Amino acid sequence: MVPPESAQQKRQCPQCKECIAKHARKCPHCQTDQWPVGRTAVLPTVFVLLFTVSVGFLAAGCCNSVSEKTPEQAKKWQEEETKQPEREQLIDQLVARGVFREVEFRTQGATVWVDSAFYLLDFQEKSTFCSVVYAYIATQARDQYVTVRLKDITSGKTVGEHSTFGLKMR
């Protein structure tokens with residue numbers, strides 16, 4: 001049985017001001033396109049932050065070693081630590097926008113609960129957003145070998161993973 005939509009899953013259409021589903025692509029009342037509005041508000045912010053925050057993670061060479069065996073590796077992890085507040089802010093924005101329903105952090109990975117808003121994204125967007133969670137948890141653990149599991153909020157089934165090999169959807 002599918003639970004009825006709660007007030008958190010509703011929002012107001014900016015055109016006609018009627019109550020509609022949070023992730024509706026079109027308003028059922030006035031037929032105004034909805035999804036591109038919410039989506040374009042998130043994507044520029046995400047891509048700018050991603051390239052300044054997460055791509056530096058890979059380029060800095062932090063994924064070359066699991067531990068801090070040399071002073072250079074320790075310094076690189078410390079540099080990554082300075083990017084953590086931005087990553088955390090971006091993850092919070094993705095949750096607030098409904099791209100992720102919930103993110104659970106563990107010592108050696110994370111579980112990201114997803115639903116319809118995530119499935120509407122193309123593969124590159126999914127990969128980009130999951131990379132932010134991956135960079136965040138890898139830096140927290142100071143370990144490249146972490147895994148971000150994607151789970152469907154309705155079924156509880158694993159629908160994908162992000163690791164050192166990138167995003168793999170099932």
Exercise for the section: List every residue pair whose Cβ atoms lie under 6 Å apart, where the two residues are 6 or more positions apart in sequence or sit on different chains, the first residue falls within the range 136-157 and is within 18 Å of Glu88 (Cα to Cα), and the second residue, located anywhere, is among the hydroxyl-bearing types (Ser, Thr, Tyr) and open to solvent by less than 30 Å² (accessible area, probe 1.4 Å). Expected result: Thr147/Ser163; Val148/Tyr134; Arg149/Thr111
Completion exercise
Given the conditions (1) open to solvent by 40 Å² or more (accessible area, probe 1.4 Å); (2) modelled with pLDDT of 85 or more; (3) β-branched (Val, Ile, Thr); (4) farther than 30 Å from Arg25 by Cβ, every one holds for Val66 apart from (2)
Exercise for the section: Please indicate, with yes or no, whether at least one residue in the range 27-48 is modelled with pLDDT of 50 or more, under 24 Å from Lys126 (Cβ atoms), charged (D, E, K, R) and touching a Phe, Trp or Tyr at 6+ places or on another chain (Cβ under 8 Å). Expected result: no
Exercise for the section: Would you mind stating whether Glu86 is under 30 Å from Ala21 (Cβ atoms), at pLDDT 90 or above and within 14 Å of the chain's Cα centre (by Cα)? Expected result: no
Completion exercise
Taking the range 129-159 and the residues there that are polar (S, T, N, Q) and over 21 Å from Arg25 (Cβ atoms), the one that is surrounded by the most Cβ atoms within 10 Å (Cβ to Cβ) would be Thr139
Fill in the blank from the handout: Matching residues in the range 160-170 (open to solvent by 30 Å² or more (accessible area, probe 1.4 Å), touching a Lys or Arg at 6+ places or on another chain (Cβ under 9 Å) and part of a strand (DSSP E or B)) number 2
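The values are calculated or read from the model by the stated rules, or taken from the named source; none is laboratory data. Model, not experiment: these values are computed from the prediction. We place every Cβ from the backbone using ideal geometry, glycine too, and count neighbours over all the protein chains shown. Accessible surface is based on the protein model in full, side chains and every heavy atom, while ligands, DNA and RNA are left aside. Shrake-Rupley method; radii C 1.70, N 1.55, O 1.52, S 1.80 Å.
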